[in-house]
Structures are given as structure tokens and as C-alpha cells.
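Have a look at the structure below, then the notes.
The values are calculated or read from the model by the stated rules, or taken from the named source; none is laboratory data. None of the values given here were measured: they were computed from a predicted structure. Cβ placement follows ideal geometry from the backbone for every residue including glycine, while neighbour counts extend to all protein chains displayed.
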């Protein structure tokens, strides 16, 4: 089996936004960059190297048992959230991962606050929790379709009287939650997979024309595409309001899925490396006990 890997020489700072460099403008964020790989074989070697490194770091996280990590993927439909999660984490021990995909809220979820369904899905220490969509939907989809606030979200009437105040409070609640998680050893890594409208159109058409991808197509995707401008403004607002030094957003060019996966994997490796963790060490007494057990095993 070929286990050869190739390092990915890439600086990830250009994709990081923490609010210090001025307001984020989505129109200035690229949806495509030059290929990071020369061919399919090199891409596979690069991704394999990153996933192997990520697996080793996650194993250390599990053994250390002091940190957990929340990884959030947000994007327009057909940007590649599912396939990115599949490929980037393919080499990581699934026992150390928990993947949650958040669709339209259920009746039970609507009977709780807007972040409840995500809070009950947070990872435990030693684990990486992956959110395919998240509480950010409540300042994205709901902001683009504000009628949802009164029609489905069951909010008290007085909270609906000043919508701008409501959004301001939601942004603040999200910032506070992510700050709280970070202070408790659960860093939050947030990705916005930035796909162009043209590329999205091609992928949606492929889902219709390719019988093996028909199951991926949802009529509602076409409806939501009609609100592209509103969604871009909502993403821009959300990133500007919730990006901080400790919980930045990573805005990833998504028109080329291979580039996107490599960048995401590289960032995750860097974020895991930044955690001060190590394998537990044993003292002299424990070491002697272990050595004695070796002799017992050999004698059996």
C-alpha cells in the first residue's frame, strides 16, 4: 500500500479573518486560487500527509483528555461541505470524531432557544465535534427570511418589535458562547466555504443531469439561489460580527474542491498543533508496575 506523502507548503493567514485588519468584504474574498497541487497523485499525497498528521494529533488530544474541538462548516448549497468533511477526516480515527448535520429545525428543536440543538451536540474532551451547519443558520437563513421569526420560531411578541436589536443580541450570544467554549478548553474553528454563484450553478445542474447525484438535489436549493445577494450580505455581517482573535473565521475558496480540502486540512492541523497537549507520563512506581506486567505476560 502506497503511504508516501507530500508536504503542503502553504501559509494559511490569507484565509484567516479575526477582525483586526478592518471590515471583512465578501466581494474581496476569492472563490478560486491557483492549484496547490500539480496533479491528482500529488493532491492525494498532500491530503494523505495532512490527514495522517491530524489523526496523530487527535490521538494525542484523546489521551491528554483536556481539550475538545468544535469545527463548524457554513456555506451556500453545493459548496462542498459534505465532501470536505468526508475527505479531510477520512484518515482520522472515527472514534475520536462526532459529525452532526443540522437540517431544518424539528418541532422539538423549535420549542427551545436558537442554539439548543447545537449545545446538546457539543463534543466531550478528547473529541472533535464537526458541525455541518450550526447555530449560524439563525443569523443567515433566518435573517434572509425574517418571516421565520414569527412563523416558526415561537418568540415572544416583544422580541419581534425591533429586528435589528434581535440580530445584534444573537451575534453577541454567539460571540459569548464561543468565548466560553474557548475558556473551557474547547476551541471553535469556523470555516466559510466561499463558492461563486457560477460554480454553484454548474454543480446544481450536475445534480439534476447526473442520475447518481439526483438524490442530492433539493428544489429549495434553486429557490434559495434567488436570494444570493441577501445571503452574501448575511454571511458578511455574520463574519464581521463574530470573528475574534481567538475564534476567527477561515474563508476558504471553494470553486476547486481539492484546493479547498487541502486548505481546510492544513488549518485544522495548525489549530490542533497550537493546543498544549501531550501523552500522559507515568511516574517511577507506575513504570515499575508496567515492567512487572511485561514479565507476567511473557510468562503466560
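Of note:
- Any hit, region 193-208, residues being assigned to a helix (DSSP H, G or I) and within 14 Å of the chain's Cα centre (by Cα): no
- Which listed residue, of 193, 160, is surrounded by fewer than 19 Cβ atoms within 10 Å (Cβ to Cβ) and in contact with a helix residue (DSSP H, G or I) (Cβ under 8 Å, 6 or more places away or on another chain): 160
- Yes/no for residue 66 being touching a residue at least 60 places away in the same chain (Cβ under 8 Å) and surrounded by fewer than 15 Cβ atoms within 10 Å (Cβ to Cβ): yes
- Residues being within 30 Å of residue 22 (Cα to Cα), buried (at least 16 other Cβ atoms within 10 Å of the Cβ) and in contact with a helix residue (DSSP H, G or I) (Cβ under 6 Å, 6 or more places away or on another chain) - total across region 196-231: 1
- Of the residues screened, residue 261 is one that is in a helix (DSSP H, G or I), in contact with a helix residue (DSSP H, G or I) (Cβ under 7 Å, 6 or more places away or on another chain) and farther than 14 Å from residue 58 by Cα.
- Condition check for residue 185 on (1) under 25 Å from residue 53 (Cα atoms); (2) in a helix (DSSP H, G or I); (3) over 14 Å from the mean Cα position of the chain (by Cα): one failure, at (2).
- Subset of region 256-283 [surrounded by fewer than 20 Cβ atoms within 10 Å (Cβ to Cβ), over 30 Å from residue 199 (Cα atoms) and touching a strand residue (DSSP E or B) at 6+ places or on another chain (Cβ under 9 Å)]: 275
- Lone unmet requirement of (1) farther than 30 Å from residue 63 by Cβ; (2) surrounded by 16 or more Cβ atoms within 10 Å (Cβ to Cβ); (3) under 21 Å from the mean Cα position of the chain (by Cα) for residue 149: (3)
- Some residue of region 35-43 being out of contact with any helix residue (DSSP H, G or I) (no Cβ under 6 Å at 6 or more places or on another chain), more than 18 Å from residue 250 (Cα to Cα) and surrounded by 14 or more Cβ atoms within 10 Å (Cβ to Cβ): yes
- Residue tally, condition over 17 Å from residue 267 (Cα atoms), modelled with pLDDT of 95 or more and assigned to a loop (DSSP other than H, G, I, E, B), over region 10-28: 2
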